[in-house]
């Protein structure tokens, strides 16, 4: 098996595994990361989203081989309990979650949006999160949280 190399949360990483396995499976099973969750397994719900470069990507339908040489960020690379990312602080402040299962994917989509557009409108936030499914009904609070984080990040 060829060794697949990529940068994961800022650290050079090499994985010896079947290159056809999903990145999600590798992240969870081989690398022990629990931020990306398994949702639909078909790239439809966004629960497994990670950032590849500056784009939110469904890791459940991304084969490991396509990660070669890429910069990948998971929830674990976004922030920590000691130093939470502004999005994480805003989601807590706005109470923008209930069960929390979908939130890691939503946070990754929101982080990708803010990397590309640091001052999005509410409509731009909604469009960026359109492929993330949340059944708890927290959508308005999620949009408010992303806008709050954008304001905090642009304030310095």
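For the range 110-127, which residues satisfy the criterion of being touching a residue at least 60 places away in the same chain (Cβ under 8 Å) and surrounded by fewer than 23 Cβ atoms within 10 Å (Cβ to Cβ)? Full working, then the answer.
Going through the range 110-127, the residues touching a residue at least 60 places away in the same chain (Cβ under 8 Å) turn out to be 111-112, 115-116.
Across the range 110-127, the qualifying residues are 112, 115, 116.
If you go through the range 62-80 one residue at a time, how many are surrounded by fewer than 20 Cβ atoms within 10 Å (Cβ to Cβ) and either at pLDDT 95 or above or more than 18 Å from residue 36 (Cβ to Cβ) (or both)? Lay out the reasoning, then the answer.
At the first step, the residues of the range 62-80 found to be surrounded by fewer than 20 Cβ atoms within 10 Å (Cβ to Cβ) are 63, 65-66, 68-71, 76, 79-80.
When the remaining residues are screened for being either at pLDDT 95 or above or more than 18 Å from residue 36 (Cβ to Cβ) (or both), the result is 63, 65-66, 68-71, 76.
Result for the range 62-80: 8.
Across the range 89-104, what is the number of residues that are assigned to a helix (DSSP H, G or I) and either touching a strand residue (DSSP E or B) at 6+ places or on another chain (Cβ under 8 Å) or crowded, with 21+ Cβ neighbours inside 10 Å (or both)?
So in the range 89-104, the residues assigned to a helix (DSSP H, G or I) come out as 89-93, 103-104.
Among the residues that remain, those that are also either touching a strand residue (DSSP E or B) at 6+ places or on another chain (Cβ under 8 Å) or crowded, with 21+ Cβ neighbours inside 10 Å (or both) are: 90-91, 103-104.
The total comes to 4.
The values are calculated or read from the model by the stated rules, or taken from the named source; none is laboratory data. Since we're looking at a predicted model, the values are computed, not measured. Note that each Cβ is placed from the backbone with ideal geometry, even for glycine, and that neighbours are counted across all protein chains shown.
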